[in-house]
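I have placed the structure first, in the form of structure tokens, so that the comments after it can refer back to it.
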Amino acid sequence: MMNSKVIILNVTGITEIQHGEMLMNYAENWVYKYFHKQNIVHSAFLGSKRFWEWWQTQWTLRDDEFLNLTGFDIETIIKDDFTKNFTLLLYKEHHNINDLLIYPSEGVYTEVKGCLKEQNWKPTPLESPIIYNPKTKHDKVRSRKK
């Protein structure tokens, strides 16, 4: 039985290296999306073995889901470049980080937290762009400092 990765490579026309690069780039973008402006946190996640194991598992689950939704199987080998390019676009959209509702396991957070603790990391408070004025009972947008 052919695994989902081999089928994905066949139907999208990408190489194993391109597939791996895509997996890594999407992981980095996912970390940056959820932990923006905290570079030390990015490093902790991206340096975590458990994070990468978890991400690889999630990616494989998404690949299997993609194949089930599209109906590609072992016999489906697309010959023309146009269809492969279109399938690749669908594949990338299926892995779109803006649509992913996944969260790392507790083991990942524990490993990352340990790494951050070793580096004496202190979270920076998030500053809301809205200020509530209790006297007027209205919100106003915080002015940006120049």
| request: Inspect all residues belonging to region 19-26 and state whether any of them is touching a residue at least 24 places away in the same chain (Cβ under 8 Å) and exposed (fewer than 13 other Cβ atoms within 10 Å of the Cβ). | output: no
| field | Verdict on residue 72 being more than 29 Å from residue 6 (Cβ to Cβ), touching a helix residue (DSSP H, G or I) at 6+ places or on another chain (Cβ under 6 Å) and at pLDDT below 80 | value | no
| Out of (1) within 19 Å of residue 6 (Cα to Cα); (2) over 17 Å from the mean Cα position of the chain (by Cα); (3) exposed (fewer than 13 other Cβ atoms within 10 Å of the Cβ); (4) without any contact (Cβ under 8 Å) to a residue 60 or more places away in the chain, the odd one out for residue 57 is which? | (2)
| said: Out of everything in region 1-54 that is assigned to a loop (DSSP other than H, G, I, E, B) and among the polar types (S, T, N, Q), what residue ends up being farthest from residue 109 (Cα to Cα)? | reply: 15
| query | Counting only residues that are among the charged types (D, E, K, R) and under 15 Å from residue 102 (Cα atoms), which one in region 60-75 is surrounded by the most Cβ atoms within 10 Å (Cβ to Cβ)? | reply | 63
| field | Subset of region 1-18 [crowded, with 16+ Cβ neighbours inside 10 Å, under 22 Å from residue 98 (Cα atoms) and not aliphatic (A, V, I, L, M)] | value | 12
| field | Subset of region 86-103 that is under 15 Å from residue 30 (Cα atoms) and modelled with pLDDT of 85 or more - its residue that is surrounded by the fewest Cβ atoms within 10 Å (Cβ to Cβ) | value | 98
| field | Positions within region 27-54 being over 25 Å from residue 5 (Cβ atoms) and crowded, with 19+ Cβ neighbours inside 10 Å, in sequence order | value | 41, 44
| query | How many residues are closer than 21 Å to residue 56 by Cα and part of a helix (DSSP H, G or I) when one looks only at region 88-115? | reply | 19
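The values are calculated or read from the model by the stated rules, or taken from the named source; none is laboratory data. As the structure is a computational prediction, the values presented were derived from the model and not from experiment. Neighbour counts are summed over all protein chains in view; Cβ atoms, including those assigned to glycine, are modelled from backbone coordinates with ideal geometry.
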